[in-house]
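Some notes on the structure that comes next.
The values are calculated or read from the model by the stated rules, or taken from the named source; none is laboratory data. Computed from a predicted model, the values in this text were never measured in an experiment. Heads up, the Cβs are rebuilt from the backbone with ideal geometry, glycines too, and the neighbour counts pull from every protein chain shown.
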Amino acid sequence: MASTNVNVSDTSVPRSGYDLDVFDHGNFYGIHLSALLCILVSFLCAITVITASFTKRKTNFFAWSKSDRFVVYIALCDGLFNVAHSLDHTHVLVTRSHVKPKGLCAFYGFILSEFLTAQTFMVNLVAINAFCLMFFNQDIPFGKWDHRLLIWTFGAPLIASTVAVSLNQFGPNTVFCFMDAVTGKLMNTVYLTIPLLIVFSTNMVLYGLTYWRLSVGFQRFKGSKMSSRTRRVARNMILFLLAFFVQYWAAALYGAWQLVSDDIPVIVYYFLTTFTNIGGFLNGLVYIVIRRRFLQRDKSGDKTSVDKMKRSGDQSPTAMRHLKINDVQNDDILQSDFTSAFQKNI
């Protein structure tokens, strides 16, 4: 990379990221300390979200709503990502050199790629699921214990990361451990940059269409019992969308810049090590906003008894019979009168 100094003679060609100096340019401590601060805040937020999600729950985890399970899965990705990333940043900060041995750096890179990609796939699947619900009235089945969701979001990155390891693609990128700055350039483009740009574009289109459909539905059924639920679904989806864009726009910018030039400005490194590491904080804000809206609806009485039973975890025979009878009628914006009316107007 043109933004780094080669650690060998000018006539030598670097064979790996270890032949390049650690990125400095007078910003060594600034980049690593800011990254570690963001990682710490993000990790604490992720742990708080997971703890709060399980507090006072009486139902089995897989009996929760999809959105509630998504919150936990995303927080788990954030937490594990933060743990691995804090270790390699700390190593570089203390030693002022690349992480050694190479196997340890490859391990850090493997963990980062696994959970970064898993979260990206998961948010993309949320967008696809919402789109299918609004346009085709089809809910994507995740299978028992969410096995289809977990195999796709964690299994696919695991296979790709294993291939990258076998091809010796992980190593120092002069700032932290990920794809090697020399040998892993192509893999970084194929594995991260292109997929991230595609997911960004896809999510924008899917969420835009979904929000438009929700807006159309609200206007057509304004004043009905279903209109307020339609608005809530749209607002909650937009929150997750915004959190995803705020977290990964810098990574997308960094990857796109690498496609055209190796001379990357220092400010882009700051953006990369700051925004990418605050996922737990951003998703924590989303959790707080959604939770506050839920509590406000509860206080104002704008909630059905079915909603309250789902949240309280009441699984008594009487409650469950009431849930089965009234769930479709009162709680799902895509069913009952709303669906039939919606289909008649499209």
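Beta carbons closer than 9 Å, at least 6 apart along the sequence or on distinct chains, pair a first residue in region 289-300 that is in the same structural domain as Val71 (by TED's automatic domain parsing) and surrounded by 13 or more Cβ atoms within 10 Å (Cβ to Cβ) with a second that is among the aliphatic types (A, V, I, L, M) and at pLDDT 80 or above for Ile290/Val71; Arg291/Ala52.
Rundown of residues vs (1) surrounded by fewer than 20 Cβ atoms within 10 Å (Cβ to Cβ); (2) touching a residue at least 24 places away in the same chain (Cβ under 8 Å), yes/no style:
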| position | (1), (2) |
| --- | --- |
| Ala46 | no, yes |
| Phe54 | yes, no |
| Phe62 | yes, yes |
| Arg69 | yes, yes |
| Cys77 | no, yes |
| Asp88 | no, yes |
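Considering the conditions (1) part of a helix (DSSP H, G or I); (2) under 29 Å from Phe135 (Cα atoms); (3) modelled with pLDDT under 70, Leu334 is excluded by exactly one of them, (1). Taken over region 187-226, the criterion of being over 19 Å from the mean Cα position of the chain (by Cα), of a type in the set (S, T, N, Q), closer than 23 Å to Phe136 by Cβ and modelled with pLDDT of 80 or more is satisfied by no residue. Among the residues of region 80-89, some residue qualifies, meaning at least one is under 23 Å from Ala127 (Cβ atoms) and touching a Leu at 6+ places or on another chain (Cβ under 9 Å). For region 134-172, filtering for residues that are out of contact with any strand residue (DSSP E or B) (no Cβ under 9 Å at 6 or more places or on another chain) and in a helix (DSSP H, G or I) leaves 24.
Can you go through Val123, Val99 and tell me which one is under 26 Å from Phe28 (Cβ atoms) and either touching a residue at least 12 places away in the same chain (Cβ under 8 Å) or of a type in the set (Phe, Trp, Tyr) (or both)?
Details: Val123 fails: under 26 Å from Phe28 (Cβ atoms).
Of Val123, Val99, the one residue that is under 26 Å from Phe28 (Cβ atoms) and either touching a residue at least 12 places away in the same chain (Cβ under 8 Å) or of a type in the set (Phe, Trp, Tyr) (or both) is Val99.
Name the single residue that is farthest from Tyr270 (Cα to Cα) among those in region 29-58 being in contact with a Ser or Thr (Cβ under 9 Å, 6 or more places away or on another chain) and not in a helix (DSSP H, G or I). Top of the filtered list is Lys58.
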